[in-house]
Amino acid sequence: MAIFGDSVSRETYEAERDRRLAVEAQLDQSLARYDKLVDQIIDLKRHDYGMNPVGFDPATLDPSHGLGVQTMAAVEEFAGGDPELRRYLVGVAWSEHNRRAGMDAETRDAEIAALIMEGDQ
């Protein structure tokens, strides 16, 4: 027998390799399940502490979130710092936004901004 010769048969080597690959696959599955469990625990703890969920943006709760830039600029300019008037104008802008749902976004934004700047005439 040579020094660098085969020490085990080919069949034994392949059987051990297949067994090792199966154990590694089971380990990968266990790690994936563990990662999901950790994510669920983090979500539960965030809920317990009254924190926002992961990936949640509080700005999406703002009523003006979906309105265009020109529309919001017109609302802010016309409201002049009055929060009640701003809230009213955002509501008007949303009703006009929904009424013009089929239009191009830029055109709709410009028309609603012009409507707000006209005021009650």
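The values are calculated or read from the model by the stated rules, or taken from the named source; none is laboratory data. Source: prediction; values computed, not measured. Because the Cβ atoms are built from the backbone with ideal geometry, glycine has one as well, and the counts that use them run over all protein chains shown.
Total residues in the stretch 45-76 satisfying the condition of being of a type in the set (D, E, K, R), farther than 15 Å from residue 109 by Cα and either modelled with pLDDT under 90 or surrounded by 10 or more Cβ atoms within 10 Å (Cβ to Cβ) (or both): the figure is 4. With respect to the stated conditions, residue 79 fails to be modelled with pLDDT of 90 or more and more than 24 Å from the chain's Cα centre (by Cα).
Residue-wise test of (1) touching a residue at least 40 places away in the same chain (Cβ under 8 Å); (2) more than 17 Å from residue 116 (Cβ to Cβ); (3) assigned to a helix (DSSP H, G or I).
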| residue | (1), (2), (3) |
| --- | --- |
| 15 | no, yes, yes |
| 28 | no, yes, yes |
| 35 | no, yes, yes |
| 39 | no, yes, yes |
| 56 | no, yes, no |
| 60 | no, yes, yes |
| 67 | yes, no, no |
| 70 | yes, no, yes |
| 76 | no, no, yes |
